[in-house]
Each structure stands twice: as structure tokens, then as C-alpha cells.
Amino acid sequence: MKLLVRNLSRSTTEQEIRILFTAHGTVNECTLVLDQVTGKSKGFAFVEMPNEKEAKKALAALHETRVASNRIRVKLAQ
């Protein structure tokens, strides 16, 4: 199940996101979207979790939580 994580601080790293989601289950892939010109974070990421139950648990637990002073939003990716 692929999740979209939005409203990330520009300083949040891919590794920090992976650690956050791994606390709720297995993470297959974590991709922080970067600006092609500057190489800096665009403030959102995709997290792929193979187990639907774990992904839903992560979504419920992490949606609207604070990460690096930003309240992140987590939803199913389309």
C-alpha cells in the first residue's frame, strides 16, 4: 500500500521518514521528492508498505502528528 506524506519540513530526511513509518510495520520503499534544480526537498514523500493492515495503522497513527515542527498529513497515494 502506497502512502503520501505531505507538509514535511524541508529539513526532514528520507531516513527520518523511514524510521517514523518502520515503527508501525515493514517499509519497502521510502521516496522523498526533491526539486530537480536545487536538489532540496519539496516537502512531500511516498512510503510503500507491503502489509495493508500495517499501512492503515501507520496512517492512523501518524496523520496530523508533528515532525520537525510541521504537522504532517498522511493519506493513501493515488
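Quick notes
- Proxy reagent accessibility, fewest Cβ within 10 Å first, across V67, V74, V5: V67, V74, V5
- Proportion of all alpha-carbon pairs of segment 38-77 beyond 13 Å (%): 59
- Measuring how big segment 2-76 is from its alpha-carbon positions, Rg and Dmax come out at 11.5, 37 Å.
- Working note: 222 nm ellipticity from helices only, DSSP H runs with n ≥ 4, each -39,500 (n - 2.57), summed and divided by the residues of the chain, gives -7500 deg cm²/dmol to the nearest 500.
- Extent along principal axes [Cα atoms of segment 1-46; Å; largest to smallest]: 33, 18, 15
Bear in mind these aren't lab numbers, they're just calculated from the coordinates by the rules spelled out. The shown structure was predicted, so the numbers you read here are calculated from the model rather than taken from an experiment. Backbone-built Cβ (ideal geometry, glycine too); neighbour counts: all protein chains shown.
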